[in-house]
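Here's the structure, in structure tokens; my notes come after.
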Amino acid sequence: MTAHFDGAVEPERYEFSEKPRYRFSVSRRAFLQSMGAGLAVLTFAEGVSGPEAWAQGGGTPTGRLEIGTDGTVTVFTGKVEVGQGSRTQIAMAAAEELGVPLDDVRVVMSDTDRAPNDGGTFGSHTTPRTVPEVREAAAAARTILIELACERWDADPADGAIQDGVIRHPGGGEITLAELASDTDMDEALAGRSVESPAVTAVADWRVLGESAPKADAEAIVTGAHRYPSDVRRPGMRYGKVLRAPAYEARLVDVDTAAAEAMEGVTVVRDGDFVGCAAPTTRQAQRAVEALAEGAEWELGDHPSSADLFEYLKANTGSGGGRFSSQEDTEGDVAEAMENGAATVRGSYKVPYIQHAPMEPRAAAAEWDGEGRLTVWTGTQRPFDVRNDVADAFGLQRGQVRLIMPDTGGGFGGKHTGDAAIEAAKLAQGAGHPVSLQWTRDEEFAWAYFRPAGLLETAGAVDSDGRITAWDFTNYNSGRAALQSPYNTPNKRERFQFCDSPLREGSYRALAAVANAFAREAFIDRLAAAADMDPLAFRLLNLPNGRLRDVLEAAAERFGWSAGWPDAPADRGYGIACGTEKGSYVATAAEIALDGDGGFEVERLCVVFECGAVQHPRNLRAQIEGCVIMGLGAALTEEIHFEDGKILNGRFNAYPVPRFRDTPPMDIEVLDRRDLPSAGAGETPIIAVAPAIANALFQATGEPREKLPLA
Amino acid sequence: MTEFMLRINGADHTVTSDPDRSLLQTLREDLDLTGAKYGCGEGACRSCTVLLDGRPTAACVTPLSRAEGREIVTIEGLGEDGGLHPVQQAFIDEHAMQCGYCVPGMILTAAALLRDNPDPDPEAIVSGMNGNICRCCNYPNIVRAVERAAALRHAEA
């Protein structure tokens, strides 16, 4: 038995990287290196990272950017592409700064042997962190290349410029990047050169960024040529399946492997609780696992059911520890303010477990070479950490494992773990062949992890002018993101309480901001009602000036918000909500129509979003639309049911996700703040959807809605 | 094991396989045609769509025996005269993909839809495409792409 195998895949509980409170600008020095011919740029923030830090972190000290003798530019990043558009965006960043055609830029992503470790792809970090680093590296290369060209012409590099891959000087000098890269002795030319804090192009001068470039690899996707992790094929490859427990908390007592082992071409691999098989086809592997299941004896354990979930969470609080710790922030005296409020309100909001259900279930291919070195192709949002998990599982050095992540079929925070990679590697080791393994949809629903459920208890008070005087907000289990209320409140307590989750849980799009924004914004409408105020007027009274207020006012105007809706038909309801997370700002307004049977339809949505300077308008719009529609699923229909340790609705036919027909008319406006740094945008637009609809239902019926899903 | 004759993208293939194996697994594992994707195994998401005698069909629930003797078209064989099919071009033009995993199934479904109804209104597109799930929820751009493909077809005609 391999000593390190058991329990190697730790559940990812909450996204571990919250936004730092401060970020200081650092001097970044770019070092340049000859590749024989052509050049490589290494960029480091001094004192923060560098080749040693990369090596310590398990990263390989590779360049950030290379310029080949044919003039093509290759960018290296540990970020991953799961549909959010980072491949295109990073290519645009390099093309912008280097003055080369976008078609000449390639991006090598998430290959642990070739790319620097840029951290996992989550928390909307690519835009505010990785894109600036790529731009600086490219700007450093541009600076050096112009210097090298101008030295040939004995010209002042300050007057040189590069555009469309050609360096020109007003004195008449002209040379292509390819010519310069192939016709320069880089060892000699680069000796002793570095660039201090290279200047990036001002937003006003952007030519590539700010425009909607075609999606990288679009043709490969539409022709079926792109190889997702589940499409990787290797010589002699087998297909794998793993024996799953019949229920959570079930423990394998014994398994008779004889029937499966007798099947032609089947290799059974057992290591502790891990039992799986590899076979020439997935169908044969399935049959073999069915035979294993028949010969398996399990000891079942207790597991709560979703019917009792919220009582269970509240009764099973714990201290957590580390990044799972409970948290409490207080200001003023909440108890006294509740006593003295002109009106007080209490609420209790419930958010269920839901599934990310990316279109591509977890998949991996694994191949061992003759020297104990392992290569895995898998879809994960944390390629370096998962590479480390894989190495730990087999007792390998990190450098003995190479993880390559082909652009993958969806993530949404749901692919932080490396389960499939470890399983494929284990089977490949046992079978002596490369193994491809893809989870079934059933497995994905049951054995991946879930967006945390949450119980959110709220209490608040307003004074006779409608100002919020007390705010008491406790989130049980679902997480800390956007826990802080943006409203002015002198007395407040904001708590996150860790609970022993009965299901494996982890990140999600915008994480707990979905739950926290739902409870907060729905409760704000309760406070507005207690103050006898229109919900919009109440928000504007209590919100400080700033970017959040700007999107709220813009959405209200665009939606045609009317205080009290005196002229609205009786069956209609109107709601508005807003929130900020990960440096971007959103307000959503919803109109619903009651159907007279207790049901309703979402008639229209209006969304105003602001994330600083827009880098790719078309992709941004698609991210907003996708967030909003995905948010409709969480708001209206998605909920995991479980009982006796089994997921009861783990199929698309039983767990309705949004389809074409579920898309309401959407009016979307982006405030392009070119005066502000670009923030990530793939998450925040999801957070105000559910509360806007809940508030519309409250407005229409007078009954507060406190539980998701709403339909 | 049984021998099956399959006609795929205009070429004949002989496959020896379990008779109850799905067309999807056979395409992906025996013929290296990985454009059709596994998404759910119950025909509920249509990532595995292929055309069977021109009709969009969930290959994950199609046994080989039902595919034999039929004209099978996968995303790899949809292009026309070595170039892209108008629906493929329209998906590129309208950014109708995020992760793209659902896109081969979407394109084949749309191609069949437009063949039967060259001038669909938005409601016809929504109802014709509703069986296909895009978890990135890129539906608005996909609808725009199908509309654009219809216009491209008209321009060609």
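Of note, A:L648 does not satisfy the criterion of being touching an Asp or Glu at 6+ places or on another chain (Cβ under 6 Å) and surrounded by fewer than 17 Cβ atoms within 10 Å (Cβ to Cβ).
Inside the range A:375-386, residues that are out of contact with any helix residue (DSSP H, G or I) (no Cβ under 6 Å at 6 or more places or on another chain) and in a strand (DSSP E or B) make up a count of 1.
Of everything in the range B:26-51 that is surrounded by fewer than 24 Cβ atoms within 10 Å (Cβ to Cβ) and within 8 Å of chain A (Cβ to nearest Cβ), the residue that is farthest from A:Y239 (Cα to Cα) is B:A44. Scanning the range A:591-609 for residues that are more than 11 Å from A:P664 (Cβ to Cβ) and either assigned to a loop (DSSP other than H, G, I, E, B) or touching an Asp or Glu at 6+ places or on another chain (Cβ under 7 Å) (or both) yields a total of 7.
In the set (1) buried (at least 19 other Cβ atoms within 10 Å of the Cβ); (2) away from chain A (no Cβ under 11 Å); (3) at pLDDT below 95, B:S17 fails one condition alone, (2).
In this entry, A:R621 passes the filter for residues that are within 14 Å of another protein chain (Cβ to nearest Cβ), in contact with a strand residue (DSSP E or B) (Cβ under 9 Å, 6 or more places away or on another chain), part of a helix (DSSP H, G or I) and basic (K, R).
Yes/no per residue for (1) facing chain A (nearest Cβ under 8 Å); (2) within 14 Å of A:P658 (Cβ to Cβ); (3) without any contact (Cβ under 8 Å) to a residue 24 or more places away in the chain; (4) touching a Ser or Thr at 6+ places or on another chain (Cβ under 6 Å):
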| site | (1), (2), (3), (4) |
| --- | --- |
| B:G105 | no, no, no, yes |
| B:L114 | no, no, no, no |
| B:N117 | no, no, yes, no |
| B:A124 | no, no, yes, no |
| B:S127 | yes, no, yes, no |
| B:N132 | yes, yes, no, yes |
| B:R135 | yes, yes, no, no |
| B:Y139 | yes, yes, yes, yes |
| B:I142 | yes, yes, no, no |
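Go through the range A:674-706 and give me each residue that's under 19 Å from A:A482 (Cβ atoms) and either part of a helix (DSSP H, G or I) or basic (K, R) (or both). Those that are under 19 Å from A:A482 (Cβ atoms) and either part of a helix (DSSP H, G or I) or basic (K, R) (or both): A:T684, A:P685, A:I686, A:V689, A:A690, A:P691, A:A692, A:I693, A:A694, A:N695. When you look at A:E591, is it farther than 30 Å from A:R135 by Cα, away from every other protein chain (no Cβ under 14 Å), crowded, with 24+ Cβ neighbours inside 10 Å and modelled with pLDDT of 95 or more, yes or no? The answer is yes for A:E591. Of all residues in the range A:110-132, those satisfying the criterion of being surrounded by fewer than 24 Cβ atoms within 10 Å (Cβ to Cβ), at pLDDT 90 or above and more than 24 Å from A:R398 (Cα to Cα) are A:P128, A:P132. Counting just the residues of the range A:276-296 that are within 18 Å of A:A425 (Cα to Cα) and in contact with a helix residue (DSSP H, G or I) (Cβ under 6 Å, 6 or more places away or on another chain), which one comes out farthest from the other protein chains (Cβ to nearest Cβ)? So the residue we want is A:G276. Give the residue, chosen from B:G100, B:G69, B:G54, B:G83, that is facing chain A (nearest Cβ under 10 Å) and of a type outside the set (S, T, N, Q). Of B:G100, B:G69, B:G54, B:G83, the one residue that is facing chain A (nearest Cβ under 10 Å) and of a type outside the set (S, T, N, Q) is B:G100. Regarding A:R152, is this residue among the basic types (K, R) and touching a strand residue (DSSP E or B) at 6+ places or on another chain (Cβ under 8 Å)? Spelling it out, A:R152 is indeed among the basic types (K, R) and touching a strand residue (DSSP E or B) at 6+ places or on another chain (Cβ under 8 Å). Residues in the range A:208-232 that are within 7 Å of another protein chain (Cβ to nearest Cβ) and without any contact (Cβ under 8 Å) to a residue 12 or more places away in the chain were compared, and the one that is farthest from the chain's Cα centre (by Cα) is A:T223. Note on the range A:70-109: among residues that are modelled with pLDDT of 95 or more and at positive phi, the one that is nearest to the chain's Cα centre (by Cα) is A:G83. Here is a check on your reading of the model: is A:G479 crowded, with 21+ Cβ neighbours inside 10 Å, in a loop (DSSP other than H, G, I, E, B) and within 14 Å of chain B (Cβ to nearest Cβ)? Against the criterion (crowded, with 21+ Cβ neighbours inside 10 Å, in a loop (DSSP other than H, G, I, E, B) and within 14 Å of chain B (Cβ to nearest Cβ)), A:G479 does not qualify. Looking across A:E360, A:E367, one residue alone is assigned to a loop (DSSP other than H, G, I, E, B), in contact with a helix residue (DSSP H, G or I) (Cβ under 8 Å, 6 or more places away or on another chain) and surrounded by 15 or more Cβ atoms within 10 Å (Cβ to Cβ). It is A:E360. Exactly one residue out of A:E643, A:E625, A:E669 is of a type in the set (D, E) and within 22 Å of A:Y508 (Cβ to Cβ), and it is A:E625.
The values are calculated or read from the model by the stated rules, or taken from the named source; none is laboratory data. Since the structure is predicted, the reported quantities are computational estimates derived from the model, not experimental observations. Please note: Cβ atoms are built from the backbone with ideal geometry, for glycine as well, and neighbour counts cover all protein chains shown.
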